[in-house]
Amino acid sequence: MLETKRAALLDALAARFRAAYGPGPMRRFFAPGRINLVGAHLDYNGGDVLPMAVDRGIYLAIRPRDDGVMRLQSLDFERVVEIAAAAVGERTTPALGWAGYPLGVWRGFHAATGCARGFDAVFAGDLPVASGLSSSAAIEVVTALALDALHGTRLGGEQLALLAHRAENDFVGVRCGIMDQYASALGRVGHVLLLHCAGPTWEHLPFDPSAGEVLVLDTRKPRHLAKSGFNERVAQCATVHAALRASGKDLPHLAHYDVADLERVRTKLDDLHYRRSRHVLTEMQRTRDAAVALRAHDFRALGALLDQSHASTRIDYEVSCAELDVITDAARACAGVYGARLVGAGFGGCAIALLRPGTAEAVQASAAAAYRSRFGTEPTFYLLRNGTGPVELD
Ligand code: GLA
């Protein structure tokens, strides 16, 4: 089913490319989206996270040009962009819209390698956009891989991730952590990435597809407050980190303190800052425990940690919402569900349920019914499998 859909998407991508740019050779690339099992809002706090590349993402058809002009289209957005290399500034502009992501990568690649060729490109995706599955990281990573391949620069996975991350931080201006770009660039079939964001260093832990599957529960609630809410959380964590450092224990990252350290400065913090940092410190322990559970193939223990993570993001970090709570509660009540939690930044968008293979259909029906009766709208579901990292397609 997914294979048929993917073939149709690739046909549509090729047809649009030829219609827009004429016949001739083109190369096609793919980079995956990601879910994160545990480790919510830890990457920008120097913590450990457990993302997994999935079998959906962003596809790119591309052909180099020698005049330094870049032309970009997408099957998912109406806006078409044409821009000369010299006109790409230090920051994106509203006129560039979605094309700010690939152009940010081009700018970083140009700065790092001196390569200045332009390109004609069409993008397409089979991930829901802006709902917590890292479509923006996938668009950045697929662009980095394509530029690398077109210029023969032989960048490694981490360099692709860094180009992608810098594009998002510096060019697009979103102060996200490194998790999404590393998860996409370093994805490996049959594995979850245990990423220690403080290094960063990482290892791949096996994820047995015969033991567990991931069902994405898309509330389709737009993440209106995501940007301001995200930046507020980053600032709140920085405030607590400063208080902890001032208390005499100077560690480089908030996630590296423990709950006892937090208790020592509790009187200096208001309730909100106390709860924000309690989430960070307890979530760090949950990620460590989840790595142990994964190594032991213990999906029950892993699922319980997903549930605890959701509760902590709801109560202490306050990035959940009624839609995410209702849909994860409904999933948790179903047979075969090990655990469920919101995915990505929160504030709307998607949640995931970790479940026993073969149970997805029943979970979907039951969660949809609960959601419909509360909100009167239909959620969408995607059964995801482990995916590869970024690749060139034949
Ligand atoms: C978004 C950000 C990531 C990470 C998550 C929360 O997806 O892009 O860097 O902070 O939120 O875990």
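One table, with the values for the structure above:
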read-out	value
Entirely in the range 302-394, the strands (runs of 3 or more DSSP E) that have 1 or more residues that are touching a residue at least 60 places away in the same chain (Cβ under 8 Å) and polar (S, T, N, Q)	380-384
Hits in the range 118-127 - residues which are hydrophobic (A, V, I, L, M, F, W, C) and away from the ligand (no atom under 16 Å from the Cβ)	PHE119, ALA121, VAL122, PHE123, ALA124
Search result, residues across the range 182-199 that are at pLDDT 95 or above and part of a loop (DSSP other than H, G, I, E, B)	LEU186, GLY187, ARG188, CYS197, ALA198
Test for VAL142: is it farther than 23 Å from ALA290 by Cα, out of contact with any helix residue (DSSP H, G or I) (no Cβ under 6 Å at 6 or more places or on another chain) and among the β-branched types (Val, Ile, Thr)	yes
Residues located in the range 315-358, provided they are touching a Cys at 6+ places or on another chain (Cβ under 9 Å) and within 14 Å of the ligand (Cβ to nearest atom)	LEU324, LEU342, VAL343, GLY344, ALA345, GLY346, PHE347, GLY348
Residue in the range 8-30 that is within 16 Å of the ligand (Cβ to nearest atom) and surrounded by 22 or more Cβ atoms within 10 Å (Cβ to Cβ) present	no
Any chance PRO206 is more than 16 Å from the ligand (Cβ to nearest atom) and touching a helix residue (DSSP H, G or I) at 6+ places or on another chain (Cβ under 9 Å)	yes
Filtered residues of the range 221-252 (kept if assigned to a loop (DSSP other than H, G, I, E, B) and surrounded by fewer than 19 Cβ atoms within 10 Å (Cβ to Cβ))	PRO222, HIS224, LEU225, SER247, GLY248, LYS249, ASP250, LEU251, PRO252
Unmet requirement for LEU217, which otherwise passes all of (1) surrounded by fewer than 22 Cβ atoms within 10 Å (Cβ to Cβ); (2) assigned by TED's automatic domain parsing to the domain that holds ALA365	(1)
Matching residues, the range 269-322, being more than 20 Å from the chain's Cα centre (by Cα) and either among the acidic types (Asp, Glu) or not assigned by TED's automatic domain parsing to the domain that holds GLY336 (or both)	ASP270, ASP271, ASP289, ASP298, ASP316
Of all residues making up the range 32-86, the number that are of a type in the set (Lys, Arg) and either surrounded by fewer than 23 Cβ atoms within 10 Å (Cβ to Cβ) or farther than 29 Å from ASP394 by Cβ (or both)	4
Qualifying residues in the range 156-192 (those that are in contact with a His (Cβ under 6 Å, 6 or more places away or on another chain) and within 27 Å of TRP98 (Cβ to Cβ)) - the one surrounded by the most Cβ atoms within 10 Å (Cβ to Cβ)	GLN181
Where a residue in the range 186-201 is within 16 Å of ARG286 (Cβ to Cβ) and its partner, wherever it lies, is modelled with pLDDT under 95 and crowded, with 22+ Cβ neighbours inside 10 Å, with Cβ under 6 Å and at least six apart	VAL192/PHE207
Count - residues of the range 200-220 that are part of a loop (DSSP other than H, G, I, E, B), charged (D, E, K, R) and over 16 Å from GLY303 (Cα atoms)	1
ALA130 vs. criteria out of contact with any Gly (no Cβ under 6 Å at 6 or more places or on another chain), modelled with pLDDT under 95 and closer than 30 Å to ALA238 by Cβ	yes
When residues of the range 128-176 are limited to those that are of a type in the set (D, E, K, R) and over 17 Å from the mean Cα position of the chain (by Cα), the one farthest from the ligand (Cβ to nearest atom)	ARG154
Selected residue (criterion: nearest to ASP307 (Cα to Cα)) from residues of the range 23-66 that are among the acidic types (Asp, Glu) and at pLDDT 95 or above	ASP48
Selected residue [within 16 Å of the ligand (Cβ to nearest atom) and among the hydroxyl-bearing types (Ser, Thr, Tyr)] from SER366, SER312, SER373	SER312
Hits in the range 177-203 (condition: aliphatic (A, V, I, L, M), within 9 Å of the ligand (Cβ to nearest atom) and farther than 18 Å from LEU294 by Cβ)	ILE178
Given (1) under 24 Å from ARG175 (Cβ atoms); (2) in contact (Cβ under 8 Å) with a residue 12 or more places away in the chain, number of the condition ALA242 does not satisfy	(2)
Residue among ALA99, ALA95 that is free of Cβ contacts under 8 Å to residues at least 24 places away in the same chain, of a type outside the set (S, T, N, Q), more than 16 Å from the ligand (Cβ to nearest atom) and not assigned by TED's automatic domain parsing to the domain that holds ALA351	ALA95
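The values are calculated or read from the model by the stated rules, or taken from the named source; none is laboratory data. Just so it is clear, the structure is predicted and the values come from calculations on it, not from any experiment. Cβ atoms come from the backbone with ideal geometry, glycine included; neighbour counts cover every protein chain shown.
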